[in-house]
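Peer 1: Structure provided below as structure tokens; questions to follow.
The values are calculated or read from the model by the stated rules, or taken from the named source; none is laboratory data. Quick caveat: nothing in here was measured; it's all calculated off a predicted structure. Quick reminder, even Gly has a Cβ in these numbers, built from the backbone with ideal geometry, and neighbours come from all protein chains shown. Please note that ligands, DNA and RNA were not included when accessible areas were found on the heavy atoms of the full protein model with its side chains. Shrake-Rupley method; radii C 1.70, N 1.55, O 1.52, S 1.80 Å.
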Amino acid sequence: STVPASSVADTQRTTKKNTLVAACTAHAAHDGLSDLVYVFLPVWQDMFALSYVWLSVLRSAYALTLATLQIPAATLSAKIRPAHLLVISTLVTALGWFLAGLAGSAMALGGALVIAGIGASVQHPIASAMVARAYGSAAKRPLGLYNFAGDIGKSVLPAMAAALLTYGTYHSVVMVCAGVGLLAALLIWTLVRNVVTPAPAKVAKTANAPVHDKAQAKALGRGFQALLST
């Protein structure tokens, strides 16, 4: 028996929606957790009697790890299903913040932030690619929503942590933030555990490509370089 076209369309819409919600959740959680560093810098300075130089080192431990591992993370998605990789990375970030709440020294804290940065490095390349592949040529608006979700996370989580610090201890606040990461991972898993991200379309290579195709390729290359510079 054949599956009704309406049923297939409903399944596709649900898959797209779940992918977008999962990606937005990941973006909000990871960006919010990343910006918690700015909230906790003065707390860490007081806890461990750190200079401004060492505070910058702690910030770099998170930021540089996040930045440098994004390309390897994208490569890893060829071996692990992107949806599963997104869940795992969110759990790793939550673990890093959990360990940051237990850290008894600046060195231990730096190690915890590196772990959190490892998890955070996966989100941008994987989640944005999932949305782009799910929506195809209609991905402009969904990607805009995905980007906006990151800004929401940057606004809400640090503000929440700052407010909680006025009533609770540093350790309890960090544990709450780690819990937010754990809840985000569970939500993402619920949404995308059965979602298979379409593979990127392969373009056939020919020895004698038409002139207009070569010109288009050059134009796209220049456009990408301009975007990268921006």
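Peer 1: Could you look at segment 1-139 and say what percent of its accessible area is carbon and sulfur, using a 1.4 Å probe and all protein chains?
Peer 2: 67
Peer 1: Sticking with this structure for a sec: Please go through segment 46-154 and write out the trypsin sites (Lys or Arg not before Pro) that DSSP classes as loop and that have at most 13 other C-beta atoms within 10 Å.
Peer 2: K79
Peer 1: For segment 74-120, which semi-axes, largest first and in whole Å, follow from the square roots of 5 times the eigenvalues of its Cα gyration tensor?
Peer 2: Taking √(5λ) for each Cα gyration eigenvalue gives 25, 10, 5 Å.
Peer 1: Once the Cβ-Cβ distance between A219 and Q12 is put in as r, and R0 is 25 Å, what FRET efficiency do you end up with, to the nearest 0.05?
Peer 2: About 0.20, to the nearest 0.05.
Peer 1: With every protein chain kept in the model, how would you rank C177, C24 by accessible area, 1.4 Å probe, largest at the top?
Peer 2: C24, C177
Peer 1: I've got another one for you. If I model a spin label at D151 and A138 as a point 7 Å from the Cα along the Cα→Cβ vector, what separation in nanometres do I get?
Peer 2: Modelled inter-label distance: 2.4 nm.
Peer 1: Here's another thing I want to ask about it. What ranking of F148, F40 comes out by heavy-atom accessible area, probe 1.4 Å, highest first?
Peer 2: F148, F40
Peer 1: Net charge within 11 Å of V156 by Cβ-Cβ distance, Lys/Arg positive one each and Asp/Glu negative one each, not counting V156 itself?
Peer 2: -2
Peer 1: Obtain the nm distance between the two label points defined at S105 and I80 by a simple spin-label model: each point lies 7 Å from its Cα along the Cα-to-C-beta direction.
Peer 2: Result for the modelled spin labels: 2.9 nm.
Peer 1: May I pose another question? Compute the length gained on full extension between Q70 and T230: take 0.36 nm times their separation in residues and subtract their Cα-Cα distance, giving the result in nm to one decimal.
Peer 2: Gain in length upon complete extension: 55.8 nm.
Peer 1: Given Cβ point charges of +1 (Lys, Arg) and -1 (Asp, Glu) and nothing else, what value in debye, to the nearest 20, does the dipole of the chain about its Cα centre take?
Peer 2: Charge dipole of the chain: 1020 debye, to the nearest 20.
Peer 1: When all protein chains stay in place, what accessible area (Å², nearest 10, 1.4 Å probe) is found for W54?
Peer 2: Its heavy atoms expose roughly 140 Å² to the probe.
Peer 1: Between S51 and S172, with labels modelled 7 Å along Cα→Cβ, what's the label distance in nm to one decimal, could you check?
Peer 2: Taking the two extended label points, one gets 3.5 nm.
Peer 1: Could you tell me which helices of the chain pass both thresholds, a Cα extent of 24 Å or more along their own axis and a mean Kyte-Doolittle hydropathy of at least 0.5, with helices taken as whole DSSP H runs?
Peer 2: 82-102, 106-135, 140-165, 170-192
Peer 1: Okay, moving on. Across bins of 5 angstrom width beginning at 0, how are the C-alpha pair distances of the chain distributed, in whole percent?
Peer 2: Pairs per bin, as whole percents: 1, 6, 12, 16, 17, 13, 11, 9, 6, 4, 2, 2, 1, 0, 0.
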